[in-house]
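Working notes, structure below.
Values quoted throughout were computed directly from the atomic coordinates according to the rules given, and no laboratory measurement underlies them. It should be emphasised that the depicted structure is a prediction, and the values quoted were computed from it without experimental measurement. Here the Cβ is made from the backbone with ideal geometry for all residues, glycine too, and neighbour counts use every protein chain on show.
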Amino acid sequence: MSLAMNIKKDSIRFRERTYRQQIDHSDLCSFIVSVEETDLLILADCDLSAAAYDSVYRNRQYLTDIIKQNGTFLSSLAPLDFSKAFESMAPEVVRSMIRASRQAGVGPMAAVAGAVAECVGRDLLAHSDNVIVENGGDIFMKFAAADPLTVSIFAGDSPLSNKVHIKIRPEQTPLGICTSSGTVGHSKSYGHADAVCVIATKAALADAAATAIGNAIKDKSSIKRSLRDGAKIEGVRGIVIIVDDCLGAWGEVEFKK
């Protein structure tokens, strides 16, 4: 099974999400769940569209509620200070964003795509042993198949784009694998990496960490330092950084030739 992982790209190609045509999912049922800005490709043992829609609507409402209560949740570029009591009572999608934000040192919305993917995915695990949720290139996965799954990294105009393939083994899952870019797409980044791909214990953390690491990359010379700093983020298990024709990697990253 293989999965093409695409950066958030503000173009016709991205809006139509044609990269999803590259996904080999012959062993699983695939379906799309789209609610306003949320557009998920989901792979599971059977069609779980109804359960997925229910989860998306519920988690989107949780996010709407927290933004109404605290507008800085939407706009802050740094972690926010919430009481332990609030955090313990918050819905999981909000709680995971707060924790990921704190761990990576970025604003909570840097974790939103990964958090939604994981919350929906974990809801669906009640009905399916294999679940992969792709949310604009940010992925939550849990699968029990015997063969590894391959994730390909899209890195814009880099000559390495779609030529770097990571093998994910079932025993590594559940996990999140998310990518940020400073050269592709509309997502906020202060860096210049073509791709920063992070594997982490949680999809929200992978999303937030990819943003944090990407923000620090100014050129090829930043790769080694950024890998070292990213490795210090608790819960991060692997990092791949692509800048032009250079690649750096750290941790639990197994490349497929």
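Do you know the relative contact order of the stretch 33-93, to the nearest whole percent, from alpha carbon pairs under 8 angstrom that are 6+ apart?
Over the stretch 33-93, the number comes to 26 percent.
Here's how it looks for Asn162: its modeled amide H is under 5 Å from those of Ile153, Phe154, Ala155, which are all 5 or more places away or on a different chain. Ranking Ile223, Leu43, Asn135 by Cα position along the charge dipole of the chain, where only Lys, Arg, Asp and Glu carry charges on their C-beta atoms, puts Ile223 farthest toward the positive end. For trypsin sites (Lys or Arg not before Pro), the sites in the stretch 91-185 that DSSP calls loop and that have at most 14 other Cβ atoms within 10 Å are Lys163. Values of log10 I(q)/I(0) for the stretch 2-251 across q = 0.07, 0.15, 0.16, 0.18 Å⁻¹ run -0.21, -1.01, -1.16, -1.46, by the Debye formula with one identical scatterer at each alpha carbon and no solvent. Partner aspartates and glutamates whose Cα lies under 19 Å from the Cα of Lys218, excluding those fewer than 8 positions away in the same chain, are identified as Asp157, Asp194, Asp229, Asp244, Asp245.
Each residue of the stretch 111-162 gets 74 Å³ once the volume of the Cα convex hull is shared out per residue.
Please report, largest first and rounded to whole Å, the three semi-axes of the ellipsoid equivalent to the stretch 80-134, where each semi-axis is the square root of five times an eigenvalue of the C-alpha gyration tensor.
The answer is 24, 13, 7 Å, longest axis first.
Computed across the stretch 47-145, the Kirkwood radius stands at 14.0 Å (inverse of mean 1/r, all Cα pairs). Relative contact order for the stretch 2-251: 19 percent, from Cα pairs under 8 Å spaced at least 6 residues apart, divided by residue count.
Taking Phe73, Phe143, Phe82 in turn, the Gaussian network model of the chain (Cα-Cα springs below 10 Å) assigns the largest fluctuation to Phe82.
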